[in-house]
Every structure is written in structure tokens, then in C-alpha cells.
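**Student:** Below is a structure I'd like to ask you about.
The values are calculated or read from the model by the stated rules, or taken from the named source; none is laboratory data. Keep in mind the model is a prediction, meaning the values are calculated, not measured. Quick reminder, even Gly has a Cβ in these numbers, built from the backbone with ideal geometry, and neighbours come from all protein chains shown. Heads up: the accessible areas ignore ligands, DNA and RNA and are worked out on the full protein's heavy atoms, side chains in. Shrake-Rupley method; radii C 1.70, N 1.55, O 1.52, S 1.80 Å.
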Amino acid sequence: MARAFLVVMDSVGIGGAPDADAFFNGSVPDVGSNTVGHIAQACSEGRAEEGRSGPLRLPNLVGMGLGAATKLASGLEVESLAGEVSGRWGAATELSRGKDTPSGHWELAGLVVPWEWHYFDDVDASFSPELLAKMAALAGTQGVLGNCHASGTAIIEELGAEHIKTGYPICYTSADSVLQVAAHEDHFGLGRLIELCAKVAPIAHEMKVGRVIARPFVGDAETGFTRTANRRDFAIALPAPVLSNWVQDAGRHVYAVGKIGDIFSMSGFDEVRKGPDETLMRHLVDLVDSAVDGSLTFANFVEFDSLYGHRRDVSGYARALEWFDAEIGTIASKLRDGDILVLTADHGNDPTWVGTDHTRERAPVLVRGLGQGCLGLIGFTDVATLVAEHLGVTVPK
């Protein structure tokens, strides 16, 4: 029986979103942003030489159609992305009014977000006094730190020592619909942080904030602070079933790899595997070998976005793409007859762009196991339909 492996390369956009003028990094619209295309250009021009060198080398992804999809989405051609294509490929356009993780993933799973997200627009003093008081009370502290838009790595460096001294949690946000809480795993306690975020989540979700994220870290002021892999997302519940539910309701097994389970509030999954991207790749290799017939494996590789896109690290992003390309070649070689492997993305995060926020872009749709040819310009929800139809699962009207 056919199996499907749906892999989201978090933030690996290919430019060309028709509504990019309505989305911004600061005061600059996202028009012209292109994560893959601009990284490839930077590599070819010698502007991505840290830990790697030369043109971007993605033979497996290019062979699956990444360069062709980038040209289709945005018109941009880069020599290092050119090559013969042996799979099905296309470019997907998002309808949901957000360039964030829940919007992209929900729509890839078949559901256009039916409401406007709540955003904390003020860069400073981002949260209301009422919300701050509730968070402090739930934390059992006299106050909180942060209360601003911030980079997660920067704010723990800035406030980590004060957090340890006061015991106050560090609460911050970004241009996304998100409320993030950082705390030291030892001094504050990992379990206490997770419990705090679980209690804050219903309050935030009532406001239509997409996610509350627990951001644990370790270290000290002398050696520096480092975020750990024990992140936990508390996402707002979906208002309707999506791909994982369709497959599970059909009596099939569904595996989640990475933060997928958190994004979908653990709904529709029989097994969840987590860890940093290198560990997730080992999980994915194992599932290609062992996943049961008729199953869906839904995976997310987040470090393109979290480690390199937001930090505008072009070399780091290029290294991550080249690592992923080599690994995905192994995955593709292990597919059984009847399996499909679908690679896509949830939004962009162009590391050559201004600011630190996601960029509004189309996503590649690269398919191994369905022959060859162009899928054209499709919608995010068409990805869910493609996977469901391959598995012989009914797509609800």
C-alpha cells in the first residue's frame, strides 16, 4: 500500500508571492524577496564563504525541480540552480493572511486560516498591563522581563543574567502572531516553564494569537546562554480537520517528525518524534525504512528558519541547504515502489533581506514518485490534496 512523506523545509521560499506588497519587514515590503534565489546568487558571487565556498551545490534538490520551481515562481534564474529535472515540480501560493508557521502549515494540510491573527504590533511595551499581570501571576513572580519584539538569541543574552537574579520569565514576541517565554532550564526549571506556557496558551488563543512558545535555555553570563532543543509550541486548535486527521480517520498511521505535532495541537498523529534537525533526519531515514504501509509521515526541518533565516546568516543557510540536499538524496534512494516524497515550505525567510522577519514568498513543491512534469502554479491546499489522493484518502468537501 502506498506511503507518503511530506517534508516542510521551514522558510525555504522561492519568491514571487503576488501579494508580497502587503507584507513587511519593518517599513520595507517583501516584494522581490527570494530565499533560495538570493542565497544562490550570494554563493555565486562569493558572499557566502563562511564554512563553505563557491556556488550553491544542491544536485538532488535541483534534480527534483528546485531551480525550475524558483524560475516559475519568480522568474529568477541562477546558473547553480539549473539542471535536468527528473520529478514533478511546481510552485505553491498561500491564501492565508499570514507569513507564519501555523498559517503555512495549516494551509499545506488543507485549511486556509479562517480568521485574522492577533499581532502584538508595538515593538516596545508589546503586551498590555492586564496580560503582563496574568503572566506574572501564573509564573508566581512579581513581574516579567522583556515585553518587546526581540530575537530569541539576543534577548537571552541581554536579559539572561537578570532573569537568573530575579526569577522573572522573559516574555517577548515578533512580527508573527506569537507569544514566547524564555527561561533557564536549571534556575527557573524546564517543567515549570512548560507548565507556565500551557497556562498562558488559552489566554493567548482566546485573543487569536497563533502560538505560545516555551523557549528554554542554559548557560551563564560568563560563558554565554544557549537555547536548548526542549522548545515546546502551544498552537491554537484548528477549527476543522486537516490532512493528518483525514488520513488517521481513514484508519491509517500518521507520524509527526519535528514540531509538526505542536503546530497541529497533537491532533491527528499516532507517533511524534522530536529533536534538532540532524536527529530529525535520522528519524526520517528510519521511517522511510520502517513506516507501515498506507501511512503518512509529516515532517518539519526548522533550523533553516530558526538558526539562519532570522539571523540573516547567508552562509549558514547555504550550509544547511547543502547538508539537507545530501541527506535527502539518501531518503529518495530508499523510497519503495508506490511511495511519494513531497518537499515544500511554509513561507520564506530571505537571509539577504532587511529586518529579521519571515518574507512572503511562494513555496516549492517537489515530488519524487509521481513521474515527471510541471505541476504549475498551485495553491498550498493542493499539496494536501495531492498527498491524500495518492494515499487513497477522501478529501472532505
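**Student:** Could you state the orientation-averaged shadow area of the convex hull built on the Cα atoms of the chain, in nm² to one decimal?
**Tutor:** For the Cα atoms of the chain, the hull's average projected area reads 18.2 nm².
**Student:** Follow-up question, since we're still on this one. Exactly which GluC sites (Glu not before Pro) in segment 25-126 are in a DSSP loop and have at most 12 other Cβ atoms within 10 Å?
**Tutor:** Of the GluC sites (Glu not before Pro), the ones in loops of segment 25-126 whose Cβ has at most 12 other Cβ atoms within 10 Å are GLU45, GLU50, GLU84, GLU116.
**Student:** Then there's this: So the label point goes 7 Å from the Cα of LYS199 along Cα→C-beta, right? Which residues of segment 119-156 then have their backbone N under 15 Å from it?
**Tutor:** 131-144
**Student:** Further question on the same structure: Let's test the formula: R0 of 45 Å, r as the Cβ-Cβ distance of ARG319 and SER128. What FRET efficiency results, to the nearest 0.05?
**Tutor:** 0.65
**Student:** What helices in the chain pass both tests, a Cα length along the helix axis of 24 Å or more and a mean Kyte hydropathy of -1.0 or higher, using whole DSSP H runs?
**Tutor:** Correct list, ordered by number: 190-206, 314-334.
**Student:** May I ask you to give the solvent-accessible area per residue for segment 243-283, in square angstrom, as obtained with a 1.4 angstrom probe?
**Tutor:** Accessible area per residue: 37 Å².
**Student:** Over the Cα atoms of segment 1-97, how large are the radius of gyration and the largest Cα-Cα distance (Dmax), in Å?
**Tutor:** Cα only, segment 1-97: 14.8, 51 Å (Rg, Dmax).
**Student:** Okay, moving on. What whole-number volume per residue, in cubic angstrom, does the convex hull of the C-alpha atoms of segment 55-139 give?
**Tutor:** Hull volume normalised by residue count: 199 Å³.
**Student:** So for the pair LYS208, GLU49, with labels modelled 7 Å out along Cα→Cβ, what separation do we get in nm?
**Tutor:** Roughly 5.0 nm, to one decimal.
**Student:** Right, next: Sort all Cα-Cα distances of segment 117-183 into consecutive 10 angstrom bins from zero, then give the percent of pairs in each bin up to the one containing the longest distance.
**Tutor:** Bin by bin from 0 Å, the calculated values are 23, 55, 21, 0.
**Student:** Over segment 7-154, with every protein chain in place, what whole percent of the accessible area is carbon and sulfur at 1.4 Å, could you tell me?
**Tutor:** Solvent-exposed carbon and sulfur of segment 7-154 make up 52 percent of the total.
**Student:** How large is the accessible surface per residue of segment 307-397, computed with a 1.4 Å probe and reported in Å² as a whole number?
**Tutor:** 36
**Student:** How big is the convex hull of the Cα atoms of segment 278-397, per residue, in Å³?
**Tutor:** Taking only Cα atoms, segment 278-397 has a hull volume of 128 Å³ per residue.
**Student:** What is the calculated FRET efficiency for ALA221 to ARG312, with r their C-beta to C-beta distance and R₀ = 35 Å, to the nearest 0.05?
**Tutor:** Working from the Cβ atoms, E equals 0.85.
**Student:** Under 10 Å from the Cβ of ILE164, count the other residues' Cβ atoms, weight Lys and Arg +1, Asp and Glu -1, and hand me the total.
**Tutor:** Result for the local shell: -2.
**Student:** Sticking with this structure for a sec: Antiparallel as a % of all DSSP beta bridges within segment 147-235, to the nearest 5?
**Tutor:** 55
**Student:** Per the Cauchy relation, a quarter of the hull surface: what is the mean projected area of the convex hull of the alpha carbons in segment 129-234, in nm²?
**Tutor:** It is 5.9 nm².
**Student:** Given the options SER27, SER265, GLY379, identify the residue whose Cα lies farthest towards the positive end of the charge dipole of the chain (+1 on Cβ of Lys, Arg; -1 on Cβ of Asp, Glu).
**Tutor:** Result: SER265.
**Student:** Could you work out the relative contact order of segment 131-223? I mean the mean sequence separation of Cα pairs under 8 Å and 6+ apart, divided by the number of residues, in percent.
**Tutor:** Value for segment 131-223: 26 percent.
**Student:** Take every Cα pair under 8 Å in segment 175-221 that's 6+ residues apart, average their separations, divide by the length, and report that relative contact order as a whole percent.
**Tutor:** 54
**Student:** Compare the Cα positions of HIS205, SER126, SER306 along the charge dipole of the chain (+1 at Cβ of Lys, Arg; -1 at Cβ of Asp, Glu; about the Cα centre) and return the one farthest towards the positive end.
**Tutor:** Going by the Cα projections, it comes out as HIS205.
**Student:** Tell me, in nm to one decimal, what length is gained between GLU84 and ARG282 on full extension, where the rule is 0.36 nm per residue of separation less the Cα-Cα distance?
**Tutor:** 68.5 nm
**Student:** Then there's this: Kindly state, to the nearest 0.05, the FRET efficiency for MET266 paired with TRP115, given R0 = 25 Å and r defined as their beta-carbon distance.
**Tutor:** 0.75
**Student:** Out of all DSSP beta bridges in segment 250-397, what portion is antiparallel? Express it as a percent rounded to 5.
**Tutor:** For segment 250-397, the DSSP antiparallel bridge percentage is about 35.
**Student:** Another question, if that's okay. Give me the number: length gained by fully extending LYS334 to THR394, i.e. 0.36 nm times residue separation minus the C-alpha to C-alpha distance, one decimal in nm.
**Tutor:** 18.9 nm
**Student:** Explain nothing, just the number: relative contact order of the chain, from Cα pairs under 8 Å at least 6 residues apart, as a whole percent.
**Tutor:** Computed over the chain, the figure is 31 percent.
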